[in-house]
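For reference, the structure discussed in these notes is given below.
Bear in mind these aren't lab numbers, they're just calculated from the coordinates by the rules spelled out. Since the structure is predicted, the reported quantities are computational estimates derived from the model, not experimental observations. Reconstructed Cβ throughout: ideal geometry from the backbone, glycine too, with neighbour counts over all protein chains shown.
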Amino acid sequence: MVRILLVAVATVLWVGAAAAQEVTLRAVSAFAEGTRFSRNFERFIEKVNKDGKGVVQINYIGGPRAMPPFEVGNAVRSGVVDMANVTGAFYTNLMPEADALKLLRKPWAELRRNGTYDFVNKLHNERLNAHFLASTGSNIPFHIYLNKKVDKYDFTGLKIRVTPVYKELVEALGGAAVTTAPGEVHTALERGVVDGYGWPLHGIFDLGWHEVTKFRLDPGFYGVEVNVLVNLPKWRSLNDAQRKVLSDAALWLEGLDAENPRESASEDERQKKQGIQVIKLSDVDARRFLERADEVAWASVIKRSPDAGAQLKKLATQ
Ligand code: 173
C-alpha cells in the first residue's frame, strides 16, 4: 500500500515537474491572419508547437483583430504579449533605428555573421526590451502603387498612404503622406482619400487591393523586413532547451526567404494579369530615384539617432 502510494506521489510530482518545464508563449502578428506577412510566422508557430512538445509552445492570439498593428511593439516591450511578428516600421516611435532595417538588404545568414545581427539585437534589447529572434522578407522590394498616372518620380499633388517605410520619400518627392495601418488601405482607396499607397511587391491580393489599384511604379526600393521579437525578460527566463527550439525554428523561418524570388515572379505575373499597369522609369531616372530613396532614409535615421544610425549605415554599406 505504502509503495503504491509512493509511486503515485512520485508520478504526480514527475508529471507536475514536466508540465512546469513546458512554457507557453502568447504571440500576436501585426499583419492579418493568413495574409502574406503573417503566413511564414504561422508556419514557424506550427513548427515550434511540433518540435517543442513538452518544452515550449506558442499560443497564437492572432493579427490586428487582436491588437492594432502600431501597438504591437509596445505590447512586446511591456510584456502584454511574449512574442510578436511585426515590421520595424510599426515601432519606429520606440526605436527610430528600426527604420534602417529596410536598408540592410543582405540575407540574415550574412548579417548574423558580420556583426549586424548583434548590433540590431542590442538596439532591440535597449529600446524595446525585446530579443530580436528572427527577421524575414529578404529580397522583397517595396513599391508605390497609384491610381493616377505619373511619368516621373514626382508625387506633387498626390496623396499617398504611407508608414514610416515610405513617409520621408513620398514627402521628399512632393507627395502628401497619409499614415494608416494596412487594414485601412482598401477603404481609403475606395473613397479616394488617397491616390496611392506604399506596399511590398507581395500581398496586394490578400486584402483585395488589386480591385482598387491601377498602376505600380517601378523600380521597387528598399527591402521588406518583418521580425519575430520576444519580450526580453521572458526570453531570459527560458531555459537552454526552450531557447534552442525557438532559435532553431528562427533559422528555419529565415531560410523560407529562399522562396521569395519565385514568389516575386508570380506576384508580378498576377498583377499584370489583373491589369495593373507598370509605370517604368527610364534607367537614368530609376537610378536617381533609388539613390534619392536611400539618401532620404539614411538622413532621417541618422538625424533621429546620430550614433547608432551612423553605425548601422557603416554595417549596411561595409
Ligand atoms: O506598408 C506597410 O504597412 C509596411 O510598412 C509594411 C512593412 C513590411 C511588410 C509589409 C508592409
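Some notes on this structure:
- Region 212-286-region 107-182 distance, computed between alpha-carbon centres (Å): 11 Å
- Shape of region 14-84, Cα gyration tensor, a/c cut at 1.5: oblate
- Between residue 280 and residue 24, the simple spin-label model (points 7 angstrom out along Cα→Cβ) gives 5.3 nm.
- Region 211-315: C-alpha gyration tensor shape, a/c 1.5 cut-off, then a/b vs b/c: oblate
- The calculated 222 nm mean residue ellipticity attributable to helices in the chain amounts to -14000 deg cm²/dmol, summing -39500 (n - 2.57) over DSSP H runs of n ≥ 4 and dividing by all residues.
- For the residue pairs 106/244; 102/273; 47/314; 50/102; 167/214, the alpha carbons lie more than 27 Å apart in 102/273; 47/314; 50/102.
- Which of 315, 111 has the fewest Cβ neighbours within 10 Å, and the rest in rising order: 315, 111
- Comparing 258, 312, 58 along the charge dipole axis of the chain, the residue lying farthest to the positive side is 58, per the Cβ-charge model.
- Among 47, 314, the order by Cβ neighbours within 10 angstrom, fewest to most, reads 314, 47.
- Which of 300, 266 has the fewest Cβ neighbours within 10 Å, and the rest in rising order: 266, 300
- Dipole magnitude of region 97-169, debye to nearest 20 (Cβ charges: Lys/Arg +1, Asp/Glu -1, about Cα centre): 260 debye
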